[in-house]
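Asker: One structure, as structure tokens, below. Some questions next.
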Amino acid sequence: MPASRKPSNVILFFIDGLGIGEAGDNNPLYSTNHIEPLRVYEGNLNSVIFDGIVVPTDPRLGVVGRPQSASGQTTILTGVNAPEVLGYHKQGFPNEKLREVLKEKSIFLQLDRLGVGPNIFVNAYTPQFFSGTPRWKSATTCAVEASTLQFRRIPDLLGRKAIFHDFTNRGLQQRGFDVPIFSPIDAAEILANFQHQYRFILYEHFITDKLGHDMDHERARQHLPKLAKFIRETLERLDLHNTTFILTSDHGNIEDLSVRNHTLNNVPTIIWGRRKDQIAKGIKDLTDITPAVIKLLTDE
Ligand SMILES: [Zn+2]
């Protein structure tokens, strides 16, 4: 790599419970306006802003049953077929077996070992998380703990160096934290700014899965345009010659509000920016995400 060139980077934008569904009123990704680039459904996979490529991605991974969060997220964050390791799709939070997989194969740890960094998980954690042993730990929490990464906290968020999972901070205000409300543009500025400092940048968003379980059409209609704006405004601010932006999900849910469960649908992996065509060709299922990130950050 010529000394004059900036190191490349990757933003992984994880959205829980976002699948590719059918066109119809039960699919808010079809029926809601102003949600580009999330307006992704069967028959509408070919035109995404900033020349993004949509790759339908298999979250079922050859294991019967509905794809679930713990095993799907573990797969995304390790490249290991976690449902296959378990023999089933695991809901919610990783069990001991999945925690072992994350401890050995966390993407952050793999990057540490390759000397690729610095890297960042941008979601802010509250003091309550650190003050007691949490009963449940998400796949990403385990993946971060397996590496040399530090968790972002409220002071980072106040300094615009972290984002809460809802990206607006409303959830923090409701819990009594004295934090400002971030607009989608604030969140985008913060996320895009990390491109100057970090190689691998992870953000995670969960509200979509909650809205899917709640079958909440009204809130989905309110929320999705804001989430889409956050993504658009981030893309506007990225140097896409140097940065690859990968959006993906662990399983379908919000794309069919007629059912409370996760769906069996493919999820959209949407890729923008540096080497997007080459990377898109290598993605078939959720085990391909971690290798794609590593390839982008090592094979200059
Ligand atoms: Zn769920």
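Asker: Jot down the per residue volume, in cubic angstrom and as a whole number, of the convex hull over the alpha-carbon atoms of segment 105-253.
Answerer: In segment 105-253, the Cα hull volume divided by residue count equals 132 Å³.
Asker: OK, next. What relative contact order, as a whole-number percentage, does segment 24-177 give when Cα pairs under 8 Å and 6 or more residues apart are counted?
Answerer: 17 percent
Asker: Order 188-195, 137-144 from most to least packed using the mean count of other Cβ atoms within 10 Å.
Answerer: So the order, starting with the most tightly packed, is 137-144, 188-195.
Asker: GNM, the chain, Cα, under 10 Å: largest mean-square fluctuation among 206, 14, 177?
Answerer: The residue that fluctuates most here is 177.
Asker: Continuing with this model, one more query. With each label point set 7 Å from Cα along the Cα-Cβ vector, what nm distance links residue 33 and residue 239?
Answerer: About 3.8 nm, to one decimal.
Asker: Now a separate question. Roughly how many whole Å is it from the C-alpha centroid of segment 16-32 to that of segment 155-219?
Answerer: 22 Å
Asker: Nothing charged except the Cβ atoms of Lys and Arg (+1) and of Asp and Glu (-1): what's the magnitude of the dipole of segment 66-174 about its Cα centre? Round to the nearest 20 debye.
Answerer: 220 debye
Asker: With viscosity set to 0.692 mPa s and temperature to 37 °C, compute the Stokes-Einstein D of segment 1-92, Rh being the Kirkwood radius across alpha carbon pairs; µm²/s, no decimals.
Answerer: 209 µm²/s
Asker: Pop a pseudo-label 7 angstrom from the Cα along the beta-carbon direction at both residue 284 and residue 206 and give the gap in nm to one decimal.
Answerer: 3.2 nm
Asker: Going 7 Å from the Cα of residue 173 in the Cα-to-Cβ direction, what parts of segment 180-206 have a backbone nitrogen less than 17 Å from that spot?
Answerer: 180-188
Asker: How large is the charge dipole for the chain, taken about the Cα centre, if only the Cβ atoms of Lys, Arg (+1) and Asp, Glu (-1) carry charge, to the nearest 20 debye?
Answerer: 680 debye
Asker: In terms of solvent-accessible area of protein heavy atoms at a 1.4 angstrom probe, what is the ranking of 217, 223, 34, highest value first?
Answerer: Result of the area sort, largest leading: 34, 217, 223.
Asker: OK, next. P(r) for segment 136-189, please, calculated from all Cα pair distances in 10 Å bins and given in %.
Answerer: The percentages, shortest bin first, are 22, 46, 30, 2.
Asker: If I model segment 185-230 as equal point scatterers sitting on the Cα atoms and use the Debye formula, what is log10 I(q)/I(0) at q = 0.27, 0.31 Å⁻¹?
Answerer: Ignoring solvent entirely, the Cα scatterers give -0.97, -1.11.
The values are calculated or read from the model by the stated rules, or taken from the named source; none is laboratory data. Everything numeric in this text was worked out from a predicted model, so none of it was measured. Positions of Cβ are generated from backbone atoms using ideal geometry, with glycine treated the same way; all protein chains shown enter the neighbour counts. Ligands, DNA and RNA are stripped out before the accessible areas are found, and what is left, the full protein with its side chains, is counted by its heavy atoms. Shrake-Rupley method; radii C 1.70, N 1.55, O 1.52, S 1.80 Å.
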